[in-house]
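All remarks here apply to the structure that follows.
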Amino acid sequence: MVGPAGVPLFDDDAAERTPPPMLPVALAAHGFRATLFSTLTTLGIPQDVTLQEMRIECFFPADDASRDALEALSRNAAA
């Protein structure tokens, strides 16, 4: 199935393949493009109610081009 601007919404053959170890997220807008993957960290132990539900999600560049694009964006924001 294809959505607006020809972007595929579903991969019809995905059910027949082994899923990848990570699910990349692609961001694109106004000439900017970056592909990221995320990690989730859960803090605490069941006896510590204040930390039991705390989760931190961090995004990292999935390739060198994304890292370079994000570093350039960071430099521009700091200026």
> With respect to Thr35, is the statement that it is surrounded by 10 or more Cβ atoms within 10 Å (Cβ to Cβ), in contact with a Ser or Thr (Cβ under 7 Å, 6 or more places away or on another chain), at pLDDT 75 or above and under 13 Å from Phe60 (Cβ atoms) true?
Replying inline: yes
> Restricting attention to segment 43-75, and to residues there that are of a type in the set (S, T, N, Q) and either at pLDDT 85 or above or surrounded by 11 or more Cβ atoms within 10 Å (Cβ to Cβ) (or both), which single residue is farthest from Ala29 (Cα to Cα)?
Replying inline: Gln52
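The values are calculated or read from the model by the stated rules, or taken from the named source; none is laboratory data. Since this is a predicted model, take the numbers as computed values, not measurements. Cβ sites come from the backbone with ideal geometry, for glycine too, and all protein chains shown count toward neighbours.
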